[in-house]
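Below is one structure, written out as structure tokens; comments come after it.
The numbers here are math on the coordinates, done by the rules we state, and not lab data. Just so you know, these numbers come straight off a predicted model, no measurement behind them. Ideal geometry is used to build each Cβ from the backbone, glycine not excepted, and the neighbour counts take in all protein chains shown.
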Amino acid sequence: MYFYVKSEPGLWTTGHFKPDGEWEPEKDCESKEEAAERVAWLNGGAPQEIKPTLRFSSLDDALFVGVVQDEIKEARTKFPGNGRQFTALVEEVGELAEALLEHGSGSERVREEAVQVAAMAQRVAVEGDSDQIQAKTEEG
Ligand SMILES: [Mg+2]
């Protein structure tokens, strides 16, 4: 049976107890979630759904793009249609600014908001914004 322990500040170690009772470390993880996920897997559990926060622990460009695509799928289910897309994008930019001020660059919160900004930008690009199209028609 595998467990994880907080071995140092910011470090979680997975491992198991040997028959003689000695702790046998297995792997160091950068987050509690990563350690919990690994322990579940080591103990034979089915792979859990990987949460965005966990994926963010090793964020790179390709990963970011993948997380944005997941966000778009979810957003299209929650908010189908293309009305007020630009307004939503601007709101997300505001939330990103707020996250940067309150939590700092590189924080989970900033990454989450950046994903939402990218997702809304992509929706505007791909689906358009019916409210903006209407405004242009009214002008002439
Ligand atoms: Mg947001």
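Quick rundown of the values:
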quantity: Net charge of Cβ neighbours under 14 Å - reference M1; Lys, Arg +1; Asp, Glu -1; calculated: 0
quantity: Potential lengthening between R109 and E127 on full extension [0.36 nm per residue; Cα-Cα distance subtracted]; calculated: 3.8 nm
quantity: Rough spin-label spacing in nm, given labels placed 7 Å along Cα→Cβ, for F3 and E30; calculated: 2.7 nm
quantity: Peptide ranges 106-117, 3-14, 19-30 listed from the most packed, as the mean C-beta count within 10 angstrom indicates; calculated: 106-117, 3-14, 19-30
quantity: Two-site FRET efficiency, F79 against L101, from Cβ-Cβ distance with R₀ of 25 Å, rounded to 0.05; calculated: 0.45
quantity: Sum of side-chain charges, H103 neighbourhood, beta-carbon under 14 Å (Lys, Arg +1; Asp, Glu -1); calculated: -4
quantity: Local electrostatic count, N82, Cβ distance below 12 Å [Lys/Arg +1, Asp/Glu -1]; calculated: 0
quantity: Three-way shape label, the range 2-42, alpha-carbon gyration tensor, a/c 1.5; calculated: oblate
